[in-house]
Amino acid sequence: MTTKPDRLGLFHQAGDYLVAALLLLSLSRSAVVWWPLVLGAVALVNAAMTRGPLAAYRKIPLSLHRAVDHAFVAACGVGAVAVRDHGVDAAVLIAAAVLQATVVWLSHAAGRGKE
C-alpha cells in the first residue's frame, strides 16, 4: 500500500489565494494599509510555498502552514479591532478571518472524513 505525502487540497489552497487577493485588492481604498498589506502578503506566501496543486515553491511544511492559518485568523481579528474606527477596513479583515476560518474548518473536516 502506498501512502501519499501530506499536501494541501485544491479547495484549501484556492481559498488561501482568494483570501490573500481579497486583502491585497482592498489596499487601493484602505485608510489603514498596514494590516491588509502584511496579512495579505503572509496569506499569499503561505499559500504559494506549501505543497499542493497550486503551489509555486513547496518549501513550507504542512504543519507550519496549519499553524500560520490559525495565527492568520487570530491576526485578522486583532486587526479588525485595531482599525474599528474605519468600518470598511474592519469589515474586510473580519471577512478575511471568516473566509480563512471556514476554509481551514472545511478542509480539516474533509480530512477527518477520509480516515
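The values are calculated or read from the model by the stated rules, or taken from the named source; none is laboratory data. Just so you know, these numbers come straight off a predicted model, no measurement behind them. As a convention, Cβ positions derive from the backbone with ideal geometry for all residues, glycine included, and neighbour counts pool all protein chains shown.
Structure above, values below:
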quantity	calculated
Verdict on V92 being within 15 Å of the chain's Cα centre (by Cα), surrounded by fewer than 17 Cβ atoms within 10 Å (Cβ to Cβ) and not small (G, A, S)	no
Flag if R84 is modelled with pLDDT under 95 and either farther than 16 Å from G9 by Cα or touching a Lys or Arg at 6+ places or on another chain (Cβ under 8 Å) (or both)	yes
Whichever residue in the stretch 49-65 is out of contact with any strand residue (DSSP E or B) (no Cβ under 9 Å at 6 or more places or on another chain) and crowded, with 16+ Cβ neighbours inside 10 Å and, among such residues, is nearest to W105 (Cα to Cα)	G52
S26 being in contact with an Asp or Glu (Cβ under 9 Å, 6 or more places away or on another chain) and loosely packed, with under 13 Cβ neighbours inside 10 Å	no
Close pairs from the stretch 35-60: first at negative phi, partner surrounded by fewer than 18 Cβ atoms within 10 Å (Cβ to Cβ) and among the acidic types (D, E), Cβ under 8 Å, at least 6 apart	R51/D6
Positions within the stretch 29-48 being among the β-branched types (V, I, T), surrounded by fewer than 14 Cβ atoms within 10 Å (Cβ to Cβ) and not in a helix (DSSP H, G or I), in sequence order	V33
Of residues in the stretch 9-23 being touching a residue at least 24 places away in the same chain (Cβ under 8 Å) and among the small types (G, A, S), the one surrounded by the most Cβ atoms within 10 Å (Cβ to Cβ)	A20
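Residues are listed down the side, and each one gets a yes or a no for (1) of a type in the set (G, A, S); (2) in contact (Cβ under 8 Å) with a residue 60 or more places away in the chain; (3) under 19 Å from L10 (Cα atoms); (4) part of a helix (DSSP H, G or I):
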position: S63; (1), (2), (3), (4): yes, no, yes, yes
position: H70; (1), (2), (3), (4): no, no, yes, yes
position: C76; (1), (2), (3), (4): no, no, no, yes
position: A80; (1), (2), (3), (4): yes, no, no, yes
position: A91; (1), (2), (3), (4): yes, no, no, yes
position: A95; (1), (2), (3), (4): yes, yes, no, yes
position: L99; (1), (2), (3), (4): no, yes, yes, yes
